[in-house]
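A short write-up of the structure that comes next.
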Protein chains: 2
Amino acid sequence: MQLDDLILISVDDHVVEPPSLGDFFRDNLPAKYKDRAPKVVRRDDGTDAWAIEGQEISTFGLNAVQGRPPESWGADPANFDQVRPGTYDIHERVRDMNVNGVLASVNFPSWPGLGGQFFVQSKDMDFAAAIVRTYNDWHIHEWCGAYPGRFIPLGLSGFALGPEWMAEEIRRLASMGCFAVSCHPEAYRFGAADYHGDEWDVAWQAAEETGAVMVFHFGGMPNFMPRSPFSVIPHVMPFQTAIFASELLWSPIFRKFPKIKFALAEGGVGWIGYFLEKADFVYDHHRAWTHEDFGDKLPSQVFREHVQGCFIDDLTGFQLRERTGIDMLAWECDYPHSDSTWPTAPEVLWKSIEQAALSDPEIHKVTWENAARWYNFDPFEHRSREECTVGALRAQATDVDTTPREYGSTDHGRIMDTRNAAIFMERNSTATHGRNA
Amino acid sequence: MQLDDLILISVDDHVVEPPSLGDFFRDNLPAKYKDRAPKVVRRDDGTDAWAIEGQEISTFGLNAVQGRPPESWGADPANFDQVRPGTYDIHERVRDMNVNGVLASVNFPSWPGLGGQFFVQSKDMDFAAAIVRTYNDWHIHEWCGAYPGRFIPLGLSGFALGPEWMAEEIRRLASMGCFAVSCHPEAYRFGAADYHGDEWDVAWQAAEETGAVMVFHFGGMPNFMPRSPFSVIPHVMPFQTAIFASELLWSPIFRKFPKIKFALAEGGVGWIGYFLEKADFVYDHHRAWTHEDFGDKLPSQVFREHVQGCFIDDLTGFQLRERTGIDMLAWECDYPHSDSTWPTAPEVLWKSIEQAALSDPEIHKVTWENAARWYNFDPFEHRSREECTVGALRAQATDVDTTPREYGSTDHGRIMDTRNAAIFMERNSTATHGRNA
C-alpha cells in the first residue's frame, strides 16, 4: 500500500459558519422569531462577530489559521476577509479537502460552541430550541448537503433544553440521516445534571435505538495556572480528555445501555492503553469496598465496546494498538484549527504508519473503516472506491494554491505573549461564560 | 535474576504522624510557642485529630487502610486504635517494610498535607516557620533517624512562607543530609505566585546548588463531576499529574536551571511516552508563533533530564520504556494508602517485570538505582548489598503477621456510597480549605 492509496475520513474538523447562515436563520426560523435571527455584524474596529440575543460572539483567531504562515498564527484573524475561504465557504472547503486527500469529514460548530452551549443559554427555551433545530437543518441540508458523500453530518444536542428535548432531537436527526450528536462534557456547568445519575437515560436510549454517536469535543481550559503559556493548552488536551473518559467509564451509562456509542474528539489516543490498564487496576484493587460491578467483563473491555477516540498524528497510539484495541482509533484532520496538519496530512500520517509498521488492514481501520462503522456512513455510496483515495482526490485539486499567505489582521489583534488563551478566546466576545469550554 | 534478588526503594510512602510528634513539638519549639504546640486530641465521638491553632485535622480513612481486609476500606478508620500500628509506629513500620521486602522509603506527611500546606495557613508566619522547621527536624532525626539507611528523608518546603524562606530551608535540610523537598503543585491557590514567573528562582537556585529534588505529590480532586464515584479519583491521578507536568515543562524553570531535579509522586508513568511525543508535536507545530525555545534540544529531552516519575505497577510504562527513557522511572509502594500493593508488592511488580521482559540492568534501574541517584542516597552505606534484597529482608520478618484484620471503626465512619471522596476527606476535619489538594 502506498500513500496515494489511503482513504481518509476525518472525524474532527470545524466549520466557521458563513454569513449566509444568517440568511438561513432569517428564512427558516418560525415567523415570530425572524427579527431575532442571529446574523454576522462587522463592528467599528473591523472585526466580525455573530450577534445573537444582545451578545456578540467572535470565532476566528486560532480557530481559522490554516492557510496562513505559522509565524502569523498569533496575529489573530478577526473577520471573514482575514481567513482562508475554505474555512467558511463550502465550495472552497471541498477543494481544500481534495488537495489534502480527505474524502469525508465531520464538522464541529464554531460560534455556537463545540457542544452548542451558546445556543442554549437563552432564558427563552422555545427560542433556543428553534435556533438549535434551524442550525441543525442548515448543517445537514446546506453545508453537508451541498456535497453528498463528502461530510458526515453532526447535529447539536441542545443538551441544556433537557433530556426529553434532546431525545426528540436525536430521533429527528437520525430520521435525516445524521448519526452524530455533539454533547457537552460539562453539561452540569450549565445547570444540567452530571452524567452519574439517571436523568439522561431517555436521551441515551434514543441514541442507542437510533445508532447515533454521542460526540464530546474538548477545548476547555480548567484550572490552568494564571500565567500558563499557550503550549500547555494543546499539550494537555489528551489528559483532560482522559479525565472525562474516566467519568464516563465509571458512570452507569455503558452498563445500562449495552449498545450505546460515544466518541471523544481532539483528545489523541496515545494515552488510552495506559488508561485502560489503570482502570482495570482500580477495579481489581478497590471493587471489594466500592462495589463497582462490570459483570463478566473488565472496565477496559466495556470502554472499548463503547468509545472511539481520534488522533491527528499519534505514534504512541499506533504502537500501543494491541493494548488499546485498534477498532477504537480514528483519524482526524482538525482543519482549520491551528493543530491541523493540512495540507500535508497524508504525509504526516504516513510517516507514523510506516514507523509503527501498521498492516494494510490496520491502516484501513484507522483511516476510514472505524469511522464509517461508528457513524453509519457508507463512503462509496456516491463514488467508486477508486475515486475516494488520496491520489484520486488530489488529482482533482491541481489548481488549489496551498501556499501560506498573510490575510491581514486587525490592529488590536496580536495575542499578548501567547499567554493563557482564555484572554484571546474571550476578548472579542461578549459571551464569556463557559467560552470555549 | 529472581524475585528474591530485587532491591526495592520506594519513593512514595506515607507516615501517619504518631502522637509522640506532639511531645516533640512541645519539647523543641521555641519557648514562646510551647503552649501552642500541635497535639493529638481524642474527641467525644471517639475520633482522633491533630489540634493546631484552633483547627482539628483528621488523617485516617483511606490514608491508613493497609492491614484491613479490602471489604472494610470504606469503613473509615478514625483513630489510632483502628489502624495497623505500622502506619504510625516507626518500629512496626520497619517490620512492615521488611515483610514486604522494601529496603528504603520516602515518607510523605499526612496531616500537614502532602505539600505541607496546612502548616503554612497560619497568619502568624513566624509561628508557621517554627512549626515547619520542627516538623522537618522530627522527620529527619526521630522518624527516619531511628533506622539509618531505611529512609530517604523528605522535608517540607514551607512554600507559602515565601521563596527566600524556602531557599533557606532547602539549604538547611541539605546540610542535614535531606535532599528531597515536598512542594505543592498549586502553590498559587495559597496566595503564592504560580511557577511561570521568576518569583521562585531563589528557591530553585538553592535546590540546584544543593542537589535537592523538588517533589510534587498528587491527591487533589479538581473539577470532578458533582456525583463522581470514588474510582475516578485513583483512575485519573496520572492525568492530573500529566497536566501539572506540562505546566512545569513549558515554565522557565528547566531552561533556567539546567541541573535542577523534580519528582512527581503517585502519578504512574504509563502516560509519559505519549506526553513526550505530544510535547514535541506542540513545539514543532506552534513554535514559529509562540517563540518557545529549547535551544538545541527537544522538550522531551529537557523533560527527561529534569523529572523522575514513579509507579506502583505499570506494564504500559515498562513497555514504553525506550520512548519514555528508563532513567526517569522509579518504583513506589504507597504504604499505607489504599492503592498500595503491600504486603505482596514484590510479587505484583515481578509479574510486570516478566511480562515486559526487563533486563537485569533495567530492573535495577527502576527498582532502586534511579531513586538512589536522584535522591543522593547510598543504600549500601549501612549494610552489605546482600542484606538489602527482598529475600534477605523478608528472612528477618518471619514473625510479622500480615493477615488482614478488622481494626474497628467509629459509628459515623462509613463512606457514603463511595461518592466523591472530598466528602469523606473533609468530614472529620475543621480545616477544609485545600484539604488533600
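The values are calculated or read from the model by the stated rules, or taken from the named source; none is laboratory data. Keep in mind it's a predicted model, so treat the numbers as computed, not measured. Backbone-built Cβ (ideal geometry, glycine too); neighbour counts: all protein chains shown. Calculation scope for accessible area: heavy atoms of the full protein, side chains included, ligands and nucleic acids excluded. Shrake-Rupley method; radii C 1.70, N 1.55, O 1.52, S 1.80 Å.
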Probe 1.4 Å, protein heavy atoms only - accessible area per residue of chain A in square angstrom: 34 Å²
Residue among B:TRP374, B:VAL215, B:GLY162 farthest towards the positive dipole end of chain B, charges placed on Cβ: B:GLY162
At 0.890 mPa s and 25 °C, Stokes diffusion of the range B:17-85 via Kirkwood alpha-carbon radius, µm² per second: 186 µm²/s
Loop GluC sites (Glu not before Pro), the range B:295-390 (other Cβ atoms within 10 Å of the site Cβ: 14 or fewer; DSSP): B:GLU381
Spherically averaged projected area of the range A:107-187 from its Cα convex hull (nm²): 4.9 nm²
In Å², nearest 10: area of B:SER340 left accessible to a 1.4 Å probe: 0 Å²
Inter-copy separations for B:GLY408, label at 7 Å along Cα-Cβ, nm, ascending: 8.1
Accessible-area ranking of B:HIS306, A:HIS337, largest first, probe 1.4 Å: A:HIS337, B:HIS306
Binned Cα-Cα distance frequencies in the range A:185-237 - 5 Å width, integer %: 4, 15, 18, 18, 15, 12, 9, 7, 2, 0
For peptides B:239-245, B:49-55, sequence by mean Cβ density within 10 Å, most packed first: B:239-245, B:49-55
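Quick one: work out Rg over Rh on the C-alpha atoms of the range A:67-155, Rh as Kirkwood radius.
Looking at the range A:67-155, the ratio lands at 1.03.
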Percent of Cα pairs exceeding the 21 Å cut-off, where the set is the range A:223-287: 37 percent
Most to least packed among A:123-129, B:105-111 [average Cβ atoms within 10 Å]: B:105-111, A:123-129
Within the range B:1-92, trypsin sites (Lys or Arg not before Pro) in DSSP loop having at most 15 other beta-carbon neighbours inside 10 Å: B:ARG43
Value in Å of the Kirkwood radius, where the range A:318-416 supplies the Cα pairs that are averaged: 16.3 Å
Formal net charge of residues neighbouring A:ASP280 (Cβ-Cβ distance under 15 Å; K, R +1; D, E -1): -3
Within 10 Å of each Cβ in B:395-407, the average number of Cβ atoms from other chains: 0
Radius of gyration, Dmax [the range B:1-129; alpha carbons; angstrom]: 16.8, 57
Charged-residue dipole, Cβ positions (Lys, Arg, Asp, Glu), chain B about Cα centre, Debye nearest 20: 480 debye
Cα shape, the range A:116-159, gyration tensor, a/c 1.5 rule: prolate
Where N is the number of residues in the range A:149-216, Cα Rg divided by 2.2 N^0.38 Å: 1.05
The range A:203-328: proportion of alpha-carbon pairs further apart than 25 angstrom, %: 29 percent
Area of B:PHE190 that stays accessible when all protein chains are in place (1.4 Å probe, Å², to 10): 40 Å²
For the range A:140-273, average projected area of the Cα convex hull in nm²: 9.7 nm²
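What does the helix-only formula give at 222 nm for chain B: each DSSP H stretch with n ≥ 4 adding -39500 (n - 2.57), the total divided by the residues, and the result rounded to the nearest 500 deg cm²/dmol?
Value at 222 nm, helices only: -9500 deg cm²/dmol.
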Pairwise label distance in nanometres, A:LYS351 with A:ASP399, each label 7 Å out on the Cα-Cβ vector: 3.2 nm
Given charges at beta-carbon only (K, R positive; D, E negative), |dipole| of the range B:201-282 in Debye: 100 debye
For residues of B:189-200, the mean tally of beta carbons on other chains within 10 Å: 2
For A:240-253, mean number of other protein chain Cβ atoms within 10 Å: 5
Buried area at the A-B interface (accessible, heavy atoms, 1.4 Å probe, summed, Å²): 6200 Å²
Positive-end extreme of charge dipole, the protein assembly as shown - chosen from B:ALA356, A:PHE318, B:VAL40 (charges on Cβ): B:VAL40
Accessible-area composition of the protein assembly as shown, carbon plus sulfur, in percent [1.4 Å probe]: 48 percent
Normalised convex hull volume, chain A, alpha-carbon set, Å³ per residue: 141 Å³
Dipole axis of the range A:248-300 (+1 Lys, Arg; -1 Asp, Glu on Cβ), positive-most option in A:PHE294, A:LEU249, A:PHE262: A:PHE262
Rotation relating A and B, chain B residue nearest the axis via C-beta, angstrom: B:PHE239, 2
Kirkwood-type radius of the protein assembly as shown, with distances r between different C-alpha atoms, in Å: 28.6 Å
Inter-centroid distance (Cα atoms) of the range A:46-123 relative to the range A:265-340, Å: 29 Å
